[in-house]
Every structure is written in structure tokens, then in C-alpha cells.
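Heads up, the thing below is written out as C-alpha cells.
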Amino acid sequence: MAGKFAKYVTGKETAKPTRYYSSKQEKSVAEAVAGKQTANSGATMFQKGDVVNDLFLIECKTKTKSCDSITVHKEWIEKNRDESIFMNKEYSAVAINFGPDEENYYIIDEQLFNLLNEYLRNKD
């Protein structure tokens, strides 16, 4: 038995599905970047990535339990970059966190980092 009824049968609280944690992170990222969570986590023909705003396509990766490390796959970055071109977004990023309700960190390419660095050095 799955869902809320399983705890009554087993006497234990059941774990939430991975999609619960992913959606929670995607909503957090969308709010932080004034963007929108994409339908079906970008698995449609015309919408890609997990979060979009006017500039970015963002792929979100989270852990279902708090941890101290996460493996980053080059494929995540390259696929998101390619999909950002398809979606006519100027920039792409991969958002990661180390568990539910943990801070998000963003992986960006060197070109975008250099733009950010230049902006921050010259803003005053």
C-alpha cells in the first residue's frame, strides 16, 4: 500500500517520492530567479529544463536526504546548454542543493562567470 495509508498498515511514516523533493527545489529556484517551473519538469516536446525566466533555462538537481556531497555530471550541463539554445534562452545554469530545504548553488559556464565578475568589479 502506498501513500498516506501505508503508515497505518506498517506503523511507520513512508518516504516521499523523489518527485516531491524535485518539485520543492524547482519552486524554490523559480521564486529566487523570478521564473516559472516548467510543465512535467521539461519533459515535453516544446519546454525543456526545470525553471525558465526571460534569460535563463535552469536544470535542478537535488538530493532526497541531506548530505555533504553531490556528483555533478557533465551531461547535465551540456544537455541544459543545448536545450537553452532550443528554448532561445541566452544563459543556462544547473541548480544543485544538498538536500531538502538546503540552499541552492548554481553551476554556470566560464563566459557567464566572467560577465558576473566584470559586473561586480565595476558596479561602483
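The values are calculated or read from the model by the stated rules, or taken from the named source; none is laboratory data. Given the structure is predicted, the values throughout are model-derived calculations rather than measurements. For neighbour counting, all protein chains shown are included, and Cβ atoms are generated from backbone atoms with ideal geometry for every residue, glycine included.
Quick one: in the stretch 25-38, which of the residues that are of a type outside the set (V, I, T) and surrounded by 16 or more Cβ atoms within 10 Å (Cβ to Cβ) is farthest from the chain's Cα centre (by Cα)?
Among those residues, the one meeting the criterion is G35.
What is the residue count in the stretch 88-124 for residues that are outside any helix (DSSP H, G or I), over 21 Å from K65 (Cβ atoms), charged (D, E, K, R) and at pLDDT 95 or above?
Looking only at that region, the number is 3.
Can you pull out the residues in the stretch 49-64 that are surrounded by 23 or more Cβ atoms within 10 Å (Cβ to Cβ) and farther than 24 Å from P17 by Cβ?
Passing the criteria: F56, L57.
Which of the residues spanning the stretch 74-100 are under 27 Å from Y21 (Cα atoms) and surrounded by fewer than 11 Cβ atoms within 10 Å (Cβ to Cβ)?
Residues satisfying the conditions are K74, E75.
Given the criteria exposed (fewer than 11 other Cβ atoms within 10 Å of the Cβ) and among the hydrophobic types (A, V, I, L, M, F, W, C), does L112 qualify?
Here the answer is no, as L112 does not meet what is asked.
Criterion first (touching a residue at least 24 places away in the same chain (Cβ under 8 Å), in contact with a Pro (Cβ under 7 Å, 6 or more places away or on another chain) and of a type outside the set (V, I, T)) does Y91 satisfy it?
Numbers: touching a residue at least 24 places away in the same chain (Cβ under 8 Å): yes; in contact with a Pro (Cβ under 7 Å, 6 or more places away or on another chain): no; of a type outside the set (V, I, T): yes.
No, not satisfied.
Exactly one of these conditions fails for Y91: (1) out of contact with any helix residue (DSSP H, G or I) (no Cβ under 7 Å at 6 or more places or on another chain); (2) under 20 Å from E26 (Cβ atoms); (3) not hydrophobic (A, V, I, L, M, F, W, C). Give me its number.
Failed condition: (1).
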